[in-house]
Structures are given as structure tokens and as C-alpha cells.
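The structure appears below as C-alpha cells.
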Amino acid sequence: MSKISNALRWITTILNEEEIPYQIVGGLAAMAYGATRPILDIDLYIPESGLSKILPRVEAYVTRPPARFISDLFDITLMAREYEEQE
């Protein structure tokens, strides 16, 4: 199984167990529609209220702690994790 598959299974298992809705976006979502670009990371959207639920379970893997990001296009909270060498 690939690093992407392992990391996706890991995080979606946590999200499902915590009953947190999520949306897969970015390159992985594009791949589902036939794109062939390389997948570097796994991008997910979850409600901000779910962050406090998953943080205790993923904090050992956090490479960038949750922080607000505001631009002309976005007002979101970002967090980066790495699981088995997959961001």
C-alpha cells in the first residue's frame, strides 16, 4: 500500500470515529476526476469545531500547528501533519 493510501486511511479512520465530516480536496480530489498531476500531500477540509476533537489523536504528527490564514480568497485555519513520511 502506498504512503498516500496509508495516510489517508489513518486520518479518515480518526475523522470517522470522531464523527467529523470531511471533504477531500486538492490533488487527491483532482485525481478522482482523472487528473494525473503528482500527489504531494493530502488536503482535507473539516469544520473548525472538529479540530479540538482530533488534535489529541494527531498531535504527535503535527508539523505545523493550527493557525489562521487570511488572504483575499481564504479565511481558514491550517494545520499540517506527517504520517509515515506523507504530509
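Dividing the summed -39500 (n - 2.57) terms of all DSSP H runs of n ≥ 4 by the residue count of the chain sets its mean residue ellipticity at 222 nm at -11500 deg cm²/dmol.
Provide the per residue accessible area, probe 1.4 Å, for the stretch 39-87, rounded to a whole number of square angstrom. Mind showing how you got there, number by number?
Details: 3600 Å² over 49 residues.
Ligands and nucleic acids excluded, the figure is 73 Å² per residue.
Using a probe of 1.4 Å, the accessible surface attributed to M31 totals some 100 Å² when neighbouring protein chains are kept in position.
A simple count of charges around K3, restricted to other residues whose Cβ falls under 12 Å of its Cβ and scoring Lys, Arg +1 and Asp, Glu -1, yields -4.
Length gain on complete extension for the stretch L55 to L40, per 0.36 nm per residue less the alpha carbon to alpha carbon distance? Display every interim value, and only then the final one.
On the way: separation 15, 0.36 × 15 = 5.40 nm, distance 2.23 nm.
Result for the pair: 3.2 nm of gain on full extension.
So if I take the alpha carbon set of the chain, get Rg, then get Rh from the Kirkwood formula, what is the Rg over Rh ratio?
A ratio of 0.95.
Build a GNM of the chain with springs between Cα atoms under 10 Å apart, and of L28, L73, L55 the one that fluctuates most is L73.
What number, in percent, do you get for the relative contact order of the chain if the mean sequence gap of Cα pairs under 8 Å and at least 6 apart is divided by its residue count?
Working: 94 pairs, mean separation 24.7, N = 87.
Taking the mean separation of contacting Cα pairs over the length of the chain, I get 28 percent.
Taking the protein heavy atoms of the stretch 1-67 in the context of the full set of protein chains, the accessible area attributed to carbon and sulfur is 54 percent at 1.4 Å. Spin-label model, N16/A30: points 7 Å from Cα along the beta carbon direction are separated by 2.7 nm.
The values are calculated or read from the model by the stated rules, or taken from the named source; none is laboratory data. Just so it is clear, the model here is predicted, and its values are computed rather than measured. No Cβ is skipped: glycine too gets one built from the backbone with ideal geometry, and neighbour counts run over all protein chains shown. To get the accessible areas, we keep the full protein, side chains included, count just its heavy atoms, and leave off ligands, DNA and RNA. Shrake-Rupley method; radii C 1.70, N 1.55, O 1.52, S 1.80 Å.
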